[in-house]
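A.B. asks: The following block contains the structure, expressed as structure tokens.
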Amino acid sequence: MARKKFDPDALTDRITSDRALTSEKEAMERFWMPQTGQGELELNIDSIHPDISQPRKSFPKGSLESMAKTIKSKGVLQPIIVYRAGTGANEFIIKSGERRWRAAQLAGLLTIPALIKDKYATDAEISLIENIQREDLHPVELSCHVLKIIEEKKYKHQELADLIGKDRTFISKCVKIADFVKNCGAIEELVNMKNLNGEPLAMEHFILAASQPTPLSGMALLKKISSEGLTANKIRSQQQSKGGWDSRKAVRFLRGVRKKTSTLDSLSSLPVNNVLIDEIEKTKKHFTECAEALAHILKSYRGEGTR
């Protein structure tokens, strides 16, 4: 008997019919539909619909045309937020961003960037997502905002990353920058730093500054970047050519200090006079303090916090 040719349309009709099994619907959702909680996706603009319960019904034509013009030249800078219009339906309802969606239609776009969230996401969560997705938010302000949310809402890095549609490394970078800003205590100065073109410094610049051994050296690096117009790649190549801060060398040095401290412990048990014992204890204390300070610097350099 000849095998029946696979017909995807027939399969779809069967799955969406009243007689379809639950397991088949779940399979369709899993393999054929974008899933809630994924990162930013490009969705078919015709598969998205406005929320009929949305109180705002009027969108001034002039405002939409102006936004459409911007979208034509720069694209949609901030994804809209949608939720699925029901189990088994590859259709979406707008949770936030209807104005952007309408302007994208005017601009002739076929797809639009979107984040698929739960239908019952709170206003606070939507506000958080939109704030972090804003293109005009300064890296320092963004990072401090992320750290504040983590501290207030007790999010784990991965949880927050999933919520806003970013990867975990993005959240870790933000936390690292925010810790650097707190240690510097100069948020306004950092926000106002510009490159030679008068533009704010990039996120990668602040990551490099936060990776320096101390906040003071990080600030010095940012001032150099600002005055000389250095790119992040240029800074890295300069540091490598100068044999700059090398965490691997620091780790080896730290191990050496701890080994010397251990050796001093064994010397303390020898039958020596009290004066020599005092000198050994002072030296041991000095080595211990050095080891603790270096361990703290390495922890800050790698962005390893307690969170």
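The values are calculated or read from the model by the stated rules, or taken from the named source; none is laboratory data. Only a predicted model underlies this, so the values are computations on that prediction, with no experimental measurement involved. Please note: Cβ atoms are built from the backbone with ideal geometry, for glycine as well, and neighbour counts cover all protein chains shown.
A.B. asks: What pairs come out if I take residues in region 73-85 that are more than 16 Å from Arg99 (Cβ to Cβ) and pair them with residues that are part of a loop (DSSP other than H, G, I, E, B) and among the β-branched types (Val, Ile, Thr) whose C-beta lies under 9 Å away, six or more apart or interchain?
C.D. replies: Tyr83/Thr36; Arg84/Thr36
A.B. asks: Mind listing just one residue for me: the one in region 215-226 that is more than 11 Å from Cys184 (Cβ to Cβ) and in contact with a Leu (Cβ under 8 Å, 6 or more places away or on another chain) and, of those, surrounded by the most Cβ atoms within 10 Å (Cβ to Cβ)?
C.D. replies: Ile225
A.B. asks: On the basis of being more than 12 Å from the chain's Cα centre (by Cα) and β-branched (Val, Ile, Thr), does Thr169 make the cut?
C.D. replies: Answer is no for this residue.
A.B. asks: Among the residues of region 113-141 satisfying the criterion of being surrounded by fewer than 20 Cβ atoms within 10 Å (Cβ to Cβ) and part of a helix (DSSP H, G or I), which is modelled with the highest pLDDT?
C.D. replies: Glu141
A.B. asks: Okay, next question. Can you name every residue in region 156-168 that is in a loop (DSSP other than H, G, I, E, B) and over 22 Å from Val82 (Cα atoms)?
C.D. replies: Lys156
A.B. asks: Moving on to the next point. From the set of residues in region 194-233 that are modelled with pLDDT of 90 or more and in a loop (DSSP other than H, G, I, E, B), which is farthest from the chain's Cα centre (by Cα)?
C.D. replies: The residue in question is Leu201.
A.B. asks: Could you tell me how many of the residues in region 166-180 are loosely packed, with under 15 Cβ neighbours inside 10 Å, touching a Gly at 6+ places or on another chain (Cβ under 9 Å) and modelled with pLDDT of 90 or more?
C.D. replies: 0
A.B. asks: Out of Asn192, Asn233, Asn183, report the one residue that is under 19 Å from Leu137 (Cβ atoms), surrounded by fewer than 19 Cβ atoms within 10 Å (Cβ to Cβ), of a type in the set (S, T, N, Q) and out of contact with any Leu (no Cβ under 7 Å at 6 or more places or on another chain).
C.D. replies: Every option except Asn192 fails the conditions.
A.B. asks: Before we move on, is Val146 surrounded by 19 or more Cβ atoms within 10 Å (Cβ to Cβ), out of contact with any strand residue (DSSP E or B) (no Cβ under 8 Å at 6 or more places or on another chain) and modelled with pLDDT of 90 or more?
C.D. replies: The answer is no for Val146.
A.B. asks: I've got another one for you. Take the conditions modelled with pLDDT under 70 and of a type outside the set (A, V, I, L, M, F, W, C) and apply them to Gln105. Does it pass?
C.D. replies: For Gln105, the condition - modelled with pLDDT under 70 and of a type outside the set (A, V, I, L, M, F, W, C) - is not met.
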